[in-house]
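Heads up: the structure comes next, in structure tokens.
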Amino acid sequence: MHPILNDIRLISFDLDGTLIDSVPDLAAAVDKVLEELDLPAAGEAKVTTWVGNGSQKLLERALTDALGEPPEVESLEAGHRRFLYHYGRDPGSRTRLYPGVCEALDALQAGGWILTLVTNKPYAFIEPILAQFGLERHFALCLGGDSLPQKKPDPAPLLHVAAHFDLPPSTCLMVGDSRHDIAAGRAAGFRTLAVPYGYNHGEPVQNSLPDALIETLKELV
């Protein structure tokens, strides 16, 4: 096992950009909203840099880019509703697992670690995506971006997870691909582990100074 796991009892994983490459489906839903508004498509390259702060922020960034200025509140809310509709109809057909995910989750669960999922994606989309890949059985608790009033980079979701299992944060690890994951983990008192292949607004995640960096999750085990 990787040394980062020494004395760790619980591991919280991010979802988008850490376990799954979901940008193709997110971009498809974003572009459908833009098409309905007679605005130019964004495409996957741009959407990759906008992911990480929840679906409403994703739409705000897409509309700001297309309009050249921030959208009105009413327009943003209407666009977000349309995004949720389109994404909800097809949240996973283009989404893929990153290499090493299944092997890592299987080994960690067999080794007795408590595995949890803490994502800024709306909670309603978590179960169907996990079920598509047969991953739902691995996680003892899942939190979405709307499960609590706060989302990452606020430490509240991670503190909630630690409290739920009656564990001190020092025995918990946050695994993610972005500065928001590392900031949330650090603020919660979790150990932090980053993967470099996900979405981090075009910045190297190592700039956020995680406690460790691995190329694939298989390196954990």
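The values are calculated or read from the model by the stated rules, or taken from the named source; none is laboratory data. From a predicted model like this one, the values you see are computed outputs, not experimental measurements. Backbone-built Cβ (ideal geometry, glycine too); neighbour counts: all protein chains shown. With ligands, DNA and RNA removed, areas are computed over all heavy atoms of the protein, side chains included. Shrake-Rupley method; radii C 1.70, N 1.55, O 1.52, S 1.80 Å.
Summary table below
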{"item": "Entries in 57/121; 32/152; 151/218 that, when Cα-Cα distance is taken, lie over 20 Å", "result": "32/152; 151/218"}
{"item": "Spatial separation of Cα centroids for segment 88-152 and segment 39-74, in angstrom", "result": "24"}
{"item": "Residues of segment 6-23 with amide N under 18 Å of a point placed 7 Å along Cα→Cβ from residue 141", "result": "8-15"}
{"item": "Tensor-based shape of segment 96-217 (alpha-carbon gyration tensor, a/c under 1.5 rounded, otherwise prolate or oblate)", "result": "rounded"}
{"item": "Computed over segment 43-186: relative contact order in percent, which uses C-alpha pairs under 8 Å that are six or more apart", "result": "19"}
{"item": "Accessible solvent surface per residue of the chain, calculated while the other protein chains remain in place, 1.4 angstrom probe, Å²", "result": "44"}
